[in-house]
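Enquirer: Right, I'll just put the structure down here and ask away after.
The values are calculated or read from the model by the stated rules, or taken from the named source; none is laboratory data. For clarity, every value in this text was computed on a predicted model and none was experimentally measured. Cβ atoms come from the backbone with ideal geometry, glycine included; neighbour counts cover every protein chain shown. These accessible areas exclude ligands, DNA and RNA; they are computed on the full protein's heavy atoms, side chains included. Shrake-Rupley method; radii C 1.70, N 1.55, O 1.52, S 1.80 Å.
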Amino acid sequence: MTQEKQREKLERMLKKCPDVLTPLKASRWAPIGKNAIYAAVKSGEIESFRYKGGYILTKDALIDYIVKTANGKGKLHYMLGEKNDK
């Protein structure tokens, strides 16, 4: 599946997700654990902003990160309805 199609599916899947998230809330919406999201935020892989002593990120930044790091195996592809080609 192309990255464009993955992005479209994720946007539909996260349609009701708020546009601005904390890393903890992002982990509840996405198929990624909170520690992985915090690590990606701190390393700059997910674009985020410091606000009142914490981090906030946008839904678009989260989707970009998921599409960029998807590798064809795991929970994301299962959630998107893709089949693993062996």
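Enquirer: Using the Cα centre of region 4-52 as the reference point, and only Cβ charges (+1 on K/R, -1 on D/E), how large is the resulting charge dipole? Debye, rounded to the nearest 20.
Expert: Taking the Cα centre of region 4-52 as origin, the dipole is about 260 debye.
Enquirer: For 16, 42, give the ranking by accessible area with the largest first, probe 1.4 Å.
Expert: Solvent-accessible surface, decreasing: 16, 42.
Enquirer: Once the other residues with Cβ under 14 Å from the Cβ of residue 35 are scored (Lys, Arg +1; Asp, Glu -1), what is the net sum?
Expert: With Lys, Arg at +1 and Asp, Glu at -1, the neighbours total +2.
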